[in-house]
Amino acid sequence: MSRIIAAAAIRGAHQIAKQAEEMLAKAIAAKGETAAVEFPNTGYYIPIIYAMTGRQVKTLADFRPVLDEIHSLLPPQVEKKLWVPYLGHALDAGMATLFAEEIIEGCKYLIGPSPVNDIWLGAADDVILRERGIQFVDGSAPGFAAIVGAAPDTETAVKIARKLQERLLYVFMCSHDHGTSFSQQLAEAGVEMGWETRLVPFGPEIPAAIYALGFAARAAMSFGGVQPGDFRRNLLYNKARIFAFVLAFGKVTDEWYATAAGAINFGFPTIADSDIPQILPTGVCTYEHVVSNVPHETIVEKAIEVRGLKIKITHVPIPVAFSPAFEGERIRKEDMHVEFGGQRTPAFEWLRSRPIDQVEDGKVEVAGPEVDTVKEGGKLPFGLIVEVAGRKMQPDFEPVLERQIHTYLNHAQGLFHMGQRDINWVRISKEAYAKGFRLEHIGKILHAMLHEHFSSILDKVQVKIYTDEKTVKELHGQARKVYEERDARLAGMTDESVDVFYSCTLCQSFAPNHLCIITPQRSGLCGAYSWLDGRAAYEINPAGPNRPIPKGNIVDDRIGQWEKVNQFIYEKSNAAIERMSAYSMIVDPMTSCGCFECISAVLPSTNGIMIAPREFPGETPCGMKFSTLAGTVGGGRQVPGFVGHSKHYIVSPKFISADGGFARIVWMPKVLKDELKGALVKRADELGLGGEAFLAKIADETVATTEEQVAEFVAKAGHPALQMAPMF
Ligand code: SF4
């Protein structure tokens, strides 16, 4: 606890207590001690006093024991030389301040100046409490910002108020600074204030802050079932349920400090624009208690972060319909305005976490040509970087969140998304384009949906979209390194070393019977989900598409079948698939959706297999291009002799291990050979196949484009597959 803050808060509390005493004496002199005192139309008496002590203040005389309570709470002034750094003293001073401020405001209702005058509204009655308080319970209002003082100018005040409104927060205003107040600044700018607009001017002096805190204390009694006098539960209810904070604009006086200390009791931190000492360690508040010197441009975001407020964006601000109903929508070439990726242009998508101060929540940046610069049916490069920040965010969660891009973009009518990482493919329909859909809307979708579904781990989301080829290629290099690092995290784990595998049913929107079984040695076939990602996804959302599957008894460990895994597959494939082998493409192979990075197919006359990656556009030796193969084998079918899989799986010891494994590879296009060269050589060495020498025995499109040519090539090269047992 800062000595300066504690000393100021305690000083301020003594001053306000003195004012309360004087005000009460004046009121009793003017009206007599039996004069009724109340905040109009409320059954909660003088609410903070009632909520915290259970005292029903009905007359001015009833304030006398409250004054005694205030004095018993007030700690001694802080000695200059001797100081015990004890937060409790400041908190007691804060609570005493709130009681004293209620006495002051209560007396004002009797002897003036009336709290309701000019733009000021004074206490909210119980009708307002019921109407508005329920919003704090049902989530339509996450909380409130209690603004104290005045912004440096009218324009800044309006900007801050608008930002708070956009986040559905109530703005409760009191006090003044440099001859004006935040409310007066809004009034000057013609901003409509009142409970309807959520901009509520309570009063021009600091004691009016008790109307905001009293509202919170009443909400706990009214909606939280907290009994009057149960101060502990009331304060904890507010800390957990009412996401409120104090924004202090201008010179922080001792009285402000004292009132802020009162708010800290509720778990409401103070965020100030001025240079005051900070209280950073957590304790009573969820995170920091006082954060100072915050620039006006970022003060709202900072307050939201410090309070741990989770923003839900109820409406996705895009010009087309948005619903899971559009998930399976395809956009044919003739209906398309523009496309990105899909091996037609360089493209990638990458979600990464950043330090919290480097992410501006809601910011969407588009760098490069917009979609209106291309002719109908055109194409553009596409680099999508989503940056997230959150106190509970972990790097392990990045791939999980990244994979949601696919789902969220497909919810927009007229937007099609396929694939992931750097095999993504996006189309915008002519209709969506005509309705005004532009690249920035992709960012808006991701911002809204990531907040909607992952608010428990992230606080901020910003999106950057690049469409000029040079930048996309440069950034793709960085993204690729990260993809590789993610894949490498699993090194050393084996399928035998774990008791559970993870499912993924994310692709059921396109392939309703498909599910991936993700094991440490076999990633999801899109390449975006490893076993660790499945585990992280389950940790984030236990009801989501990734569930743990205990393996149960072994059915056949050679082909990779387990009792409970088969049961799970049967259930989740809508009873379409009874069994699946993790290690065989011949016996009950895993189903293929449409997202796989590669597809393997048996080439019978070579006694081996070919592997075609998504990015290879040419004919393959099995007589089909990748797209035809995907159409034939994909969609959730189980087709012996064919299997979709990730690139990473190719170098796994479990790669079709029941069918002869890695040594069966007789053909793959050059692009894949080049990309995986290091890993392929290493794997070949591990198997004693001779590293680079084995790679040279694998045909590619430069030497063979038909099965016959592959057979000739491997025969000449002395490929080991020729010596292996037949695949069938
Ligand atoms: S391919 Fe498999 S792992 Fe990847 S998203 Fe689809 S179901 Fe999940």
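The values are calculated or read from the model by the stated rules, or taken from the named source; none is laboratory data. As the structure is a prediction and not an experimental result, all values here were calculated from the model. Don't worry about glycine lacking a Cβ; one is built from the backbone with ideal geometry, like all the others, and counts go over all protein chains shown. To get the accessible areas, we keep the full protein, side chains included, count just its heavy atoms, and leave off ligands, DNA and RNA. Shrake-Rupley method; radii C 1.70, N 1.55, O 1.52, S 1.80 Å.
Quick notes on this one:
- Summed side-chain charge close to Glu496 - residues other than Glu496 whose Cβ falls under 15 Å, Lys, Arg +1, Asp, Glu -1: 0
- Heavy-atom surface of region 116-237, accessible at 1.4 Å and reported per residue (Å²): 37
- log₁₀ of I(q)/I(0) at q = 0.19 Å⁻¹ - region 319-434, Debye sum with one point per alpha carbon: -1.08
- If you look at the Cα atoms of region 82-239, you get an Rg and a Dmax of 16.3, 51 Å.
- In the chain, helices alone account for a calculated mean residue ellipticity at 222 nm of -11500 deg cm²/dmol, with every DSSP H run of four or more residues adding -39,500 (n - 2.57).
- Applying a 4.7 Å cutoff between beta carbons, the unpaired cysteines of the chain are Cys107, Cys174, Cys285, Cys598, Cys622.
- Taking one quarter of the surface of the convex hull spanned by the alpha-carbon atoms of region 666-728 gives a direction-averaged projected area of 4.5 nm².
- Annotation for region 512-577: chymotrypsin sites (Phe, Trp or Tyr not before Pro) lying in DSSP loop with at most 12 further Cβ atoms inside 10 Å of their Cβ do not exist.
- Part-to-part distance (alpha-carbon centres) for region 442-474 and region 177-229, which is given in Å: 35
- Region 587-728: C-alpha gyration tensor shape, a/c 1.5 cut-off, then a/b vs b/c: rounded
- Here the relative contact order of the chain, from alpha carbon pairs under 8 Å that lie six or more residues apart, stands at 9 percent.
- Sorting 588-596, 686-694 by their mean Cβ neighbour count within 10 Å, with the most densely packed peptide first, gives 588-596, 686-694.
- Around the amide H of Tyr583, modelled in the peptide plane, lie the amide H atoms of Gly560, all under 5 Å away and 5 or more residues distant in sequence or on another chain.
- For region 642-651, backbone phi angles converted through the Karplus equation (6.51, -1.76, 1.60; θ = phi - 60°) give residue-by-residue couplings of 9, 7, x, 6, 8, 5, 4, 4, 4, 9 Hz, Gly and Pro being listed as x.
- Cross-link pairs Lys375/Lys647; Lys239/Lys302; Lys251/Lys302; Lys625/Lys697 - those with Cα-Cα distance over 26 Å: Lys375/Lys647
- Taking a straight line from the alpha carbon of Lys682, these aspartates and glutamates sit under 16 Å away, with near neighbours fewer than eight places off in the same chain left out: Glu484, Asp487, Asp674, Glu692.
- Ranked packing of 11-23, 124-136, most packed first, by mean Cβ within 10 Å: 11-23, 124-136
- Peptides 29-41, 381-393 ranked from most to least packed, by the mean per-residue count of other Cβ atoms within 10 Å: 381-393, 29-41.
- Residues with amide H under 5 Å from that of Leu168, placed H, sequence gap 5 or more: none
- C-alpha center-to-center spacing [region 43-76, region 576-645] in angstrom: 76
- To the nearest 10, the accessible area of Ile147 is 0 Å² with a 1.4 Å probe.
- Coil-residue chymotrypsin sites (Phe, Trp or Tyr not before Pro) of region 262-356, DSSP, other Cβ within 10 Å capped at 13: none
- With R₀ fixed at 51 Å, the C-beta to C-beta distance from Asn117 to Ala240 puts the FRET efficiency at about 0.90.
- Close amide H partners of Glu701, meaning residues 5 or more places away or on another chain with modelled amide H under 5 Å apart, are Lys670.
- In plain terms, if you count all Cα to Cα distances in region 148-291 and split them into 10 Å steps from zero, the share in each step is 12, 41, 36, 11, 0 percent.
- In loop segments of region 24-119 as defined by DSSP, the chymotrypsin sites (Phe, Trp or Tyr not before Pro) with at most 12 further C-beta atoms inside 10 Å of their C-beta are Tyr86.
- Its residues counted as N, the chain yields a C-alpha radius of gyration over 2.2 N^0.38 Å of 1.22.
- The P(r) of region 514-572 has a tail past 15 Å containing 52 percent of all C-alpha pairs.
- Cα-Cα separations in region 584-626 greater than 18 Å, expressed as whole percent: 30
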